[in-house]
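The values are calculated or read from the model by the stated rules, or taken from the named source; none is laboratory data. Keep in mind that this is a model prediction, so the values were computed, not measured. Note that each Cβ is placed from the backbone with ideal geometry, even for glycine, and that neighbours are counted across all protein chains shown. Heads up: the accessible areas ignore ligands, DNA and RNA and are worked out on the full protein's heavy atoms, side chains in. Shrake-Rupley method; radii C 1.70, N 1.55, O 1.52, S 1.80 Å.
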Amino acid sequence: MTVTILTLFPDLFAGYLGSSILARAIARGQVAVKAVDIRAFATDKHHVCDDAAYGGGPGMVMKPEPIAAAIEVACVPGQKVVYLTPAGRRFTQGVAEELAREQGFTLLCGRYEGIDQRVIDAFVTDELSIGDYVLSGGEVAAMAVIDAVVRLVPGVITGESLEEESFAQGLLEYPHYTRPEDFRGRRVPDILLSGHHEKIRRWRLQKSIEKTMKNRPELLDSPALPEEVRELAAEIVREGDGHGRDEGA
Ligand code: 6GU
């Protein structure tokens, strides 16, 4: 997979791409990420990339010509051009799964008030937002998208750790523990030391449901949840607070 980032701040990406899973995927040749400096495509002496908004109002708008030139030179025709903007469609695990199936795509990072609408009309295939808050530019969002997508590319991380994690099953993750068994008087739940795989699986599912009820209750309304999850959720609601108290957490 090849990801092209169009940005006024290409240097922001080096540290992030040089670390951990992403760096390994790049080193193995599973993905290539290139950050392209939009400013290099401005043809005037001072490489100006922004200007005042027609119609007035505060803030600057990114000019269309440098962005268009960058897209025409750096992007593969037919591949998606994703504009990162707080006005975009919400980026979710489902969207990450869709992008992970692409051969390559481009992430266009806006700054200032945004980019000229005509460049969006001419080139952009998708607009994505990573959440309901305003960042000063699309770069941090681009890193979030790259991270979430690259780890879904086959071979980048093992299948088992993908299927277990938050959202893969429509629930938030259960709690994790490692050594020591006793950390400052807080013990690892006994069930995790018991070796009963089926009991551990049910306990983790219960903890996932409880976590989801507490932090993201709307996720439990999904019709896609498996029957076992619906039944256990209903049981937890029926039994209320006391559920699972004797199981060591
Ligand atoms: Cl994609 N861009 C900006 N500037 N702010 C955001 C965002 C994107 N997603 C959430 N906030």
Original post:
At a 1.4 Å probe, what is the % contribution of carbon and sulfur to the accessible area of the chain?
Top reply: 52 percent
**OP:** May I ask for the Rg/Rh ratio of the range 166-238, computed from Cα atoms with Rh as the Kirkwood radius, given to two decimals?
**Re:** 1.02
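Report, in debye and to the nearest 20, how large the dipole of the range 32-79 comes out about its Cα centre when Lys and Arg carry +1 and Asp and Glu carry -1 on their Cβ. Before the final figure, lay out each step's value.
Details: 4 positive and 6 negative charges, 23 e Å.
It works out to roughly 120 debye.
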Original post:
Dividing the convex hull volume of the Cα atoms of the range 124-249 by its residue count, what figure in Å³ per residue is obtained?
Top reply: 191 Å³
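When a/c is below 1.5 the answer is rounded, else prolate if a/b is larger than b/c, else oblate, so apply that to the chain with a ≥ b ≥ c taken from the square roots of the Cα gyration tensor eigenvalues. If you can, show how the numbers build up before the last one.
Values: a/c = 2.70, a/b = 2.16, b/c = 1.25.
Here the chain falls in the prolate category.
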**OP:** Mind checking the full-extension length gain between T158 and R90? Use 0.36 nm per residue of separation minus the Cα-Cα distance, one decimal, nm.
**Re:** 21.8 nm
Subject >> Cα pair distances of the range 110-183 binned at 5 Å [whole percent] >> reply: 3, 10, 14, 17, 16, 13, 11, 9, 4, 2, 1, 1, 0
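Rounded to the nearest angstrom and ordered from largest down, what semi-axes does the equivalent ellipsoid of the range 43-125 get from its C-alpha gyration tensor (root of 5λ)? Mind showing how you got there, number by number?
On the way: eigenvalues 130, 56, 17 Å².
Equivalent-ellipsoid dimensions as semi-axes: 26, 17, 9 Å.
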Original post:
Hey, if you put +1 on the Cβ of every Lys and Arg and -1 on every Asp and Glu Cβ in the range 1-139, which of L107, G59, M1 ends up farthest toward the positive end of that dipole?
Top reply: M1
Original post:
Taking the simple approach of a point 7 Å from Cα along Cα-to-Cβ for both Y112 and V76, what is their distance in nm?
Top reply: 3.2 nm
Original post:
What is the total of Lys pairs in the chain with C-alpha atoms under 27 Å apart, excluding same-chain pairs fewer than 8 positions apart?
Top reply: 8
Original post:
Does the range 87-132 come out rounded, prolate or oblate, given a ≥ b ≥ c as the square roots of the eigenvalues of its C-alpha gyration tensor, rounded meaning a/c under 1.5 and, failing that, prolate meaning a/b above b/c?
Top reply: oblate
Original post:
In the range 171-214, which chymotrypsin sites (Phe, Trp or Tyr not before Pro) are in a loop and have at most 14 other Cβ atoms within 10 Å, using DSSP for the loop call?
Top reply: Y177
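In the range 6-63, what trypsin sites (Lys or Arg not before Pro) fall in a loop by DSSP, with at most 15 other Cβ atoms inside 10 Å? Intermediate results must be reported in sequence, preceding the final value.
Working: sites: R24, R28, K34, R39, K45; in loops: R28, K45.
Here the trypsin sites (Lys or Arg not before Pro) that fit, given the DSSP loop and packing criteria, are R28, K45.
What's the magnitude of the charge dipole for the chain around its Cα centre, counting Lys and Arg as +1 and Asp and Glu as -1 at the beta-carbon? Answer in Debye, nearest 20.
In total the dipole reaches around 580 debye.
Determine the per residue accessible area of the chain with all protein chains present and a 1.4 angstrom probe, expressed in square angstrom.
Heavy-atom accessible area per residue stands at 58 Å².
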**OP:** Please give the calculated 222 nm ellipticity per residue for the chain, where each DSSP H segment of at least 4 residues contributes -39500 (n - 2.57) and the sum is spread over every residue; nearest 500 deg cm²/dmol?
**Re:** -10500 deg cm²/dmol
